[in-house]
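Read through the structure below, which is laid out as structure tokens, and then see the notes.
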Amino acid sequence: MGRKLHGWILAGAWLACGGAAAQVGLGFLAETPMARFNGDDIRMMNGAIEKALATAEIGTTLRWANEATTSSGEVTAQRAFEQRGRPCRDLRVVNRHRRLENSGVYTMCRDNGQWKLAQ
């Protein structure tokens with residue numbers, strides 16, 4: 001379930017790691033924390049996102065940290081609402097790796113039993 005839910009996050013990480021990203025104007029992603037994340041970091045981040053979508057109360061911040069890589073982050077459920085009859089949540093996601101930090105607010109909606117990035 002986590003792999004399907006967060007493909008949008010993983011896609012950014014994989015693009016950031018490859019030369020193809022620079023060729024299509026996405027070279028800036030190479031300087032983001034996710035470009036430095038390993039598999040354990042991704043799993044920890046996805047676990048926090050899944051928990052925020054499934055159970056976190058609005059305003060609750062879920063933190064994760066991987067001492068082995070110095071990567072960390074937090075996910076905060078900011079708002080719950082309906083959009084086109086679907087339950088949705090705004091999540092503030094902050095990712096860190098050493099001195100790099102990146103954050104954003106993402107709207108996720110539940111569609112056919114799966115959380116997806118809203119369009």
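Just so you know, all these numbers are worked out from the coordinates, no wet-lab data involved. These figures come from a predicted structure and were not determined experimentally.
Structure notes:
- Convex hull of Cα atoms in the stretch 79-119, direction-averaged projection (nm²): 3.4 nm²
- Taking all Cα-Cα distances within the stretch 48-119, those exceeding 16 Å account for 49%.
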